[in-house]
Structure formats: C-alpha cells, structure tokens
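Colleague: First, the structure itself, so that you have it in front of you.
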Amino acid sequence: NMMETPPIAREAGDASVFTPESKDALVIPPESRMIKESIVGKLQNNQEMIDEIDQLKAPSVPPGLKKSKLNTFARQLNCSREELESAFEDLNKADTLENEQIESATDGQLLELEYKALLKEVSNFLEDEDFVTQHNTNAWKKLQNKNKYTDNQLNTINLISEVVLVKRLRKIEVYKGFHRIKSTGNTVLDGRDKTENIDQVNVTPPDMEGLQDWLPAIELFGEGIFISLDEEIISQWEKIDAVRARVSILKKRWDSYIKNNYVFNEVLVTPRFILLHTIAHLMIRQLESDVGYPAASLSERLYIQKGSSQSEPMLGILIYVVVADKAGSLGGLAEIAKPEKLLSLLTNVFERAQWCALDPVCSEHEGNGPGLLNMSACHGCSLVPDTSCEFGNKLLDRTLVKGNHEIPSILSMLDKENK
C-alpha cells in the first residue's frame, strides 16, 4: 500500500531496483547424449508435434486420421511411421523417469548428479554430445614421480584428487522472475550496537501476473576445468579448533543475514565450503592473468553439501566459461588443464593467497562486505565480478587457505601426512 509504505530513494541504475532471480543446471547424461540428428532428438525439440501426437492417442480419434497424421509427421522427420512411434515411446519413457527423479530433487541433489557425472570416466563420446569430459587424473598423479618440483608443488599434487577437463558443456539458465527492494525497518545485525536497514523482497514472475505455466530459459555452451580435493586431508583440517572457531564467526553472521535478507542459495557455512569458495575465486583471478580470460567471463560452480540431502561428500570446483554460440568457447581452458600447466596455475594460486596488496590490513580484517560475511578477502586478492560468483562475493576468507599463527595453511597439512 503506497499510503502506508514510504518511498525509498535509489540512485539511477542501482542494481537493487531490478534484481533478477534465476536457476541453472548443466545438461548431463543421459540427456546430453541424445543426438540432435536422431529421430528422438528431432522429436524432443518439436514440442508442438509432441502435443499433437499425444492428442492422436485419444480413443475418440479415428484410426485412419491417426495413421494419416503420423505419416505426415514421419515425412517431416524423414523417417517411417513405425520409427516415429518407437521414438515417441522412448521419449515418453525418458521423460517419466526424469520426472520421477527430478520433481522431488533439491538443489543439492541436482548438484550431486552433476558431480557424479563429472567423476564418471567415459571414453566413447560422440561429436554431437553436450557433455564431453577428459580425465587427466592419472597424468596429474604421475607428476609426483618427477624430481623437479618443490615441496609445495608436490603437496598441491597430493591435495588435488581428481582433474577433469570438460571439453564441452551446456548450461540451461531459467529466469524465474525479479524483485525490488522493500524496507522493513531497522534491526541489529550480528549482535552489534550498530543498527542497519534490512531489506526484504517480493519476487515478481516473468509475466508479472504469474498466470503462465512455463518460464523463459536460455542455453549456453562452453568448456571448463574441474578439480576435487582430497577428502581425508580436508576432513583432518576442518577438525582443527582454530579453523572451526574462525568459521563459526561467519556462520553466526550468515544466520543473522539470511533471516533479514532475500537469499538465493541454500548454503551450509562450513570450513570446507569457505575454503573451496576462496580457492575458486583465487583460480578465477589467476586464470585472468595466466590465460587472459577476463574474470567476468569465467564462472564458478561449487560441488559441496547443500542442505542435508547428500548421501556422499562432495569437494569439487568447476571453473568454466559459457557463451550463447553453439560452437562454444575457444579452448583456452582446455589448454591450461594439461597437468604441468595446471600445476603451474595452482602453484601461483597458493602463492598468491599468501599476500595481498592491501596486507597487513586485509589479512587482519575481522569482517567486511555485506553483513560482514567476508574476513580476509578484498578486491586486491579474492573478490571477483559478481557475475562470476554464485554467492554474491560473500563467505570468503583467504586466511583459511594461507594460514596464520593459529591455523595451518592447507598445503602444510600435506607435510604432516608425509611425515
């Protein structure tokens, strides 16, 4: 009610005036293996034809009309009527199975499906597939046998348990609507004396009225690098009291923040989450300088527990680039994913984590950013363009990577293992 709610002044072009909400997912097997030139593939991309065939299945449709229509559709797809009917049945079976698996799936379970697809080694990829991977883990592990690497480099090799080059990926991004800012008054954040104005929102659907039963979407094509960290090492590291104490501070702030703000992602604030998130940002910054990709063109995708629905632990980072062109990107990430080049990149990542241009201020910072949800992280070291981050440049802490007088660096945990 405009009479009851006072207007709020915003700068022209302020992002809070129109903030879109979207969901995205990678296309993985079996859907990604559906060849576009096959009858099933052609039929899948022709929803109008699928609807008409569905109507022909009604008992009231005369057999002659049904046969005539199916022959017409078959000619359009350059196949026989029998092949068309078989393809239609196969498509229905696939849709039924997919709906049973997906309708009740949480975001975390969808991520788990992607994670398993990334870890599964497949050798018989075809040219027309939407998800093509090449596993470089064995070649990565063989680097340990070379005598030319430093202790830190050998520790990096042991820390990374899987290396996968994603030669081709397809991402579907669905636009769910947008929201505008609406003030709800003052509240106390994180138990501090300082009061801050907390905003909440109402999401407006794409058609403004919410009457349509579909959502607009876009498909993007590209490539990426996937790495996973050693579960045993991370499990030992996150049990350290100093690590848990530091993360508990951010967790309390996060709990306070999500009570009073619209939050896109269901996040479990754990030591491993903040560690992976910070490493992902450092990788994006390093790829910008080592490979030449603008940071804004790269995106992160973290595979880690979301909620409590996962059956297996996940510790994966996918850094990828996608464009609207079906041909995908230019192959720069594919080149850097070769084991020796990737080792050089990750060596630079962990070295870069040691020092920031704003140190010692950055390293000693106890809270900055929205809701004070970052600790040792700033534009000089760990922050990336907002389009590159799934979590709005929040929940970052470089100290968890590099260590301090209380917390061991993540690479030093490998020294203890070797001893």
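The values are calculated or read from the model by the stated rules, or taken from the named source; none is laboratory data. Everything numeric in this text was worked out from a predicted model, so none of it was measured. Heads up, the Cβs are rebuilt from the backbone with ideal geometry, glycines too, and the neighbour counts pull from every protein chain shown. Please note that ligands, DNA and RNA were not included when accessible areas were found on the heavy atoms of the full protein model with its side chains. Shrake-Rupley method; radii C 1.70, N 1.55, O 1.52, S 1.80 Å.
Colleague: Could you please find all residues in the range 17-43 being open to solvent by 40 Å² or more (accessible area, probe 1.4 Å), in a helix (DSSP H, G or I), under 24 Å from Ala117 (Cβ atoms) and modelled with pLDDT of 70 or more?
Modeller: Selection gives Glu31 alone.
Colleague: Given Asn374, Asn368, Asn393, Asn404, which one is more than 25 Å from the chain's Cα centre (by Cα) and either more than 18 Å from Ala295 (Cβ to Cβ) or at pLDDT below 95 (or both)?
Modeller: Asn404
Colleague: I would also like to ask the following. For the range 103-116, enumerate the residues that are among the small types (Gly, Ala, Ser), within 17 Å of the chain's Cα centre (by Cα) and part of a loop (DSSP other than H, G, I, E, B).
Modeller: Ala105
Colleague: Right, another one. Scanning the range 117-127 for residues that are loosely packed, with under 14 Cβ neighbours inside 10 Å and either of a type in the set (D, E, K, R) or within 14 Å of Ala337 (Cβ to Cβ) (or both), which turns out farthest from the chain's Cα centre (by Cα)?
Modeller: The residue in question is Glu127.
Colleague: Working only within the range 327-365, note down all residues that are open to solvent by less than 10 Å² (accessible area, probe 1.4 Å) and either modelled with pLDDT under 90 or within 30 Å of Thr133 (Cα to Cα) (or both).
Modeller: Leu333, Ala337, Leu342, Leu343, Leu345, Leu346, Val349, Ala353
Colleague: Restricting attention to the range 45-71, which residues are part of a helix (DSSP H, G or I) and over 29 Å from Glu219 (Cβ atoms)?
Modeller: Leu56, Pro63, Gly64, Leu65, Lys66, Lys67, Ser68, Lys69, Leu70, Asn71
Colleague: Starting from the range 113-137, take each residue that is farther than 20 Å from Ala25 by Cα and list its partners that are among the hydrophobic types (A, V, I, L, M, F, W, C) and open to solvent by 20 Å² or more (accessible area, probe 1.4 Å), counting only C-beta distances under 6 angstrom and pairs at least six apart or across chains.
Modeller: Phe125/Val132
Colleague: While we're looking at this one, here's another question. Among the residues of the range 283-297, write down those that are surrounded by fewer than 17 Cβ atoms within 10 Å (Cβ to Cβ) and small (Gly, Ala, Ser).
Modeller: Ser289, Gly292, Ala296
Colleague: Could you please find all residues in the range 368-378 being within 14 Å of Val269 (Cβ to Cβ) and touching a strand residue (DSSP E or B) at 6+ places or on another chain (Cβ under 9 Å)?
Modeller: Answer for the range 368-378, where residues must be within 14 Å of Val269 (Cβ to Cβ) and touching a strand residue (DSSP E or B) at 6+ places or on another chain (Cβ under 9 Å): Gly371, Asn374, Met375.
Colleague: For the range 366-379, which positions are in a loop (DSSP other than H, G, I, E, B), open to solvent by 40 Å² or more (accessible area, probe 1.4 Å) and farther than 14 Å from Val247 by Cβ?
Modeller: If the condition is that a residue be in a loop (DSSP other than H, G, I, E, B), open to solvent by 40 Å² or more (accessible area, probe 1.4 Å) and farther than 14 Å from Val247 by Cβ, then Gly369, His379 are the ones that fit.
Colleague: Give the residues of the range 380-411 that are touching a residue at least 12 places away in the same chain (Cβ under 8 Å), more than 16 Å from Glu300 (Cβ to Cβ) and surrounded by fewer than 19 Cβ atoms within 10 Å (Cβ to Cβ), sorted by residue number.
Modeller: The answer is Gly380, Asn404, Glu406, Pro408.
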